[in-house]
1. With respect to residue 68, is the statement that it is without any contact (Cβ under 8 Å) to a residue 12 or more places away in the chain and within 24 Å of residue 43 (Cα to Cα) true?
2. Is it true that residue 89 is modelled with pLDDT of 95 or more and buried (at least 16 other Cβ atoms within 10 Å of the Cβ)?
3. Spot the failing condition for residue 131; the list is (1) closer than 21 Å to residue 53 by Cα; (2) without any contact (Cβ under 8 Å) to a residue 60 or more places away in the chain; (3) surrounded by 13 or more Cβ atoms within 10 Å (Cβ to Cβ); (4) not aromatic (Phe, Trp, Tyr), and only one is missed.
4. Can you pull out every residue in the stretch 109-128 that is in contact (Cβ under 8 Å) with a residue 12 or more places away in the chain and of a type in the set (Asp, Glu)?
5. Among the numbered criteria (1) of a type in the set (A, V, I, L, M, F, W, C); (2) over 16 Å from the mean Cα position of the chain (by Cα); (3) closer than 14 Å to residue 149 by Cα, which single criterion is violated by residue 59?
Amino acid sequence: MPPARDDLHLLLFAGGAVVLAGVAVAVLLVASTGRDGGSTPQKPQPFEAGLASNVEDSVREEGPYYIPDPFGGDDSIVFALEDGEVVALAVNQSDLPNCSVKWKDQFDRFACGDRRFQSEELERFEVTVPKAGPDKGILIIDVRKRLPAPTLSAG
């Protein structure tokens, strides 16, 4: 026995409602996450790396540590301490193409291939920690501002 006409209308209506609900959910997901799937800026800009005191404590207790470029580029960072202050060392040094700087505990130095470095010999990014205002105490890194290694700029 074929389905009754009222049953067909009910099935078509229910199917259409399911499709519309799916489209509505998809639209809400796209609208809430943005078209690019997130809120990461496309161009590098200063970013907050956390409370400066927390980053300093982590480096002091665990040693230098790596964070990937938050903008998806080649400006990854290794946080280290120099004279008790946090520095954001560039993983990719301009004078060392195709080589990424890494911390090596066994040497108590940074390494790139067979070469060893102290942090003062490496390029870094500008670091600021505001003393007042809404960003007070926040470690702000600007990967647009690459600074020379202090030992190279001093000599």
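The values are calculated or read from the model by the stated rules, or taken from the named source; none is laboratory data. Predicted model, so just to flag it, every value in this text is computed and none were measured. Note: ideal-geometry Cβ built from the backbone for every residue, glycine included; neighbour counts use all protein chains shown.
1. Yes.
2. When the stated conditions are applied, residue 89 passes them.
3. Status for residue 131: all satisfied but (3).
4. 120, 121, 123, 126
5. (3) is the only condition that residue 59 fails.
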